[in-house]
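Q: Sharing a structure with you now.
The values are calculated or read from the model by the stated rules, or taken from the named source; none is laboratory data. In this text the structure is predicted, and so the values were computed from the model without any measurement. In this analysis, Cβ positions are derived from the backbone assuming ideal geometry, glycine residues included, and neighbour counts consider all displayed protein chains. To get the accessible areas, we keep the full protein, side chains included, count just its heavy atoms, and leave off ligands, DNA and RNA. Shrake-Rupley method; radii C 1.70, N 1.55, O 1.52, S 1.80 Å.
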Amino acid sequence: MLLEEQRKQVIDIARQALQSGLIMRTMGNFSMRDSKTGYVCITPSGMDYSVVRPEDIVVMDTQQIVIDGSRKPSIESGMHCLAYQERPDVLGVCHTHSCFATAWACVEEPFPLVLAEMAAVLGGKLETAPFFPMGSEELAEATIQTLGIQNAVLMSNHGQLTVGPTLDKALANAQLVEEAAKIACYAVSIGKQKVISPGQANLLQQWISENYGQ
């Protein structure tokens with residue numbers, strides 16, 4: 001089977017997202033780009049991630065031409081492939097519908113940067129891409145354009161998209177955005193938010209890259 005281990009990794013990440021509440025039932029989609037072949041392994045459309053098998057994962061190139069697999073790929077495969085086209089540094093993409101991140105994507109308010117960990121890991125901005133129908137070319141283009149050089153973007157009335165140098169990192173970014181969105185919701189309900197400035201966010205991001213981890 002072509003890229004069997006990579007297909008298994010995609011399933012593992014999808015199941016982690018399901019178990020942690022980032023997605024519900026068949027919602028959301030996940031992919032990783034193989035660094036050697038450049039091929040993309042992506043989840044199939046409308047299949048339960050708790051029972052999906054490696055052969056159900058679709059292998060395609062970044063132009064959405066299917067290389068291996070009999071299943072229909074995710075309806076958002078165009079968005080994933082465009083992310084890989086625009087961002088050579090990206091090898092993993094997660095699109096989730098987590099509750100608090102999606103709530104922020106449903107209001108016309110800028111996302112308040114109140115969580116230090118988010119500023120340190122994701123930088124100083126979390127933008128919201130404009131609404132377009134699911135699976136559309138317009139949605140893919142608007143989302144990836146809004147994402148820019150960042151690693152996360154909210155999708156208006158829809159959810160969030162995160163990317164990373166690995167699929168594990170893309171999932172971690174999705175979890176971090178959800179946690180930040182939850183804390184921001186609570187902070188807004190309590191009182192005036194103390195927002196982290198862009199300058200402080202840059203310093204935190206630099207510090208974490210130089211000092212955090214083994």
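Q: Taking MET134 and the conditions (1) more than 30 Å from VAL40 (Cβ to Cβ); (2) open to solvent by 80 Å² or more (accessible area, probe 1.4 Å); (3) in contact (Cβ under 8 Å) with a residue 12 or more places away in the chain; (4) aliphatic (A, V, I, L, M), which numbered condition does it fall short on, given that it satisfies the others?
A: (1)
Q: Only residues that are open to solvent by less than 70 Å² (accessible area, probe 1.4 Å) and of a type outside the set (Gly, Ala, Ser): list them for region 21-36, please.
A: LEU22, ILE23, THR26, ASN29, PHE30, MET32, ARG33, ASP34
Q: Would you check which residues across region 84-101 are buried (at least 21 other Cβ atoms within 10 Å of the Cβ) and assigned to a helix (DSSP H, G or I) and list them?
A: Scanning region 84-101 gives TYR84, ALA101.
Q: Return the only residue of TRP104, TRP207 being among the aromatic types (Phe, Trp, Tyr), assigned to a helix (DSSP H, G or I), open to solvent by 40 Å² or more (accessible area, probe 1.4 Å) and in contact with a helix residue (DSSP H, G or I) (Cβ under 8 Å, 6 or more places away or on another chain).
A: Every option except TRP207 fails the conditions.
Q: Being at positive phi and either of a type in the set (Phe, Trp, Tyr) or not in a strand (DSSP E or B) (or both): is that true of GLY78 here?
A: Judged against the criteria, GLY78 is not a match.
Q: Here's something else I'd like to know. Of the residues that sit in region 41-83 and are closer than 18 Å to ALA14 by Cβ and hydroxyl-bearing (Ser, Thr, Tyr), which one is surrounded by the fewest Cβ atoms within 10 Å (Cβ to Cβ)?
A: SER50
Q: I need the full set of residues from region 149-172 which are closer than 18 Å to ALA129 by Cβ and either open to solvent by 60 Å² or more (accessible area, probe 1.4 Å) or at pLDDT below 95 (or both), in order please.
A: ILE149, GLN150, ASN151, ASN157
Q: Let me ask you something else. For the structure I just gave you, tell me whether ALA181 is part of a helix (DSSP H, G or I) and crowded, with 24+ Cβ neighbours inside 10 Å.
A: Against the criterion (part of a helix (DSSP H, G or I) and crowded, with 24+ Cβ neighbours inside 10 Å), ALA181 qualifies.
Q: Also, I was wondering about something else. Going through region 107-135 one residue at a time, which ones are among the charged types (D, E, K, R) and either at pLDDT 85 or above or assigned to a loop (DSSP other than H, G, I, E, B) (or both)?
A: Of everything in region 107-135, those that are among the charged types (D, E, K, R) and either at pLDDT 85 or above or assigned to a loop (DSSP other than H, G, I, E, B) (or both) turn out to be GLU108, GLU109, LYS125, GLU127.
Q: May I ask you to list pairs of residues, at least six apart or on different chains, whose Cβ atoms are under 6 Å apart, with the first in region 112-130 being touching a residue at least 12 places away in the same chain (Cβ under 8 Å) and closer than 17 Å to ASN211 by Cβ and the second being open to solvent by less than 20 Å² (accessible area, probe 1.4 Å) and in a loop (DSSP other than H, G, I, E, B)?
A: Note: pairs meeting the criteria are ALA119/LEU113.
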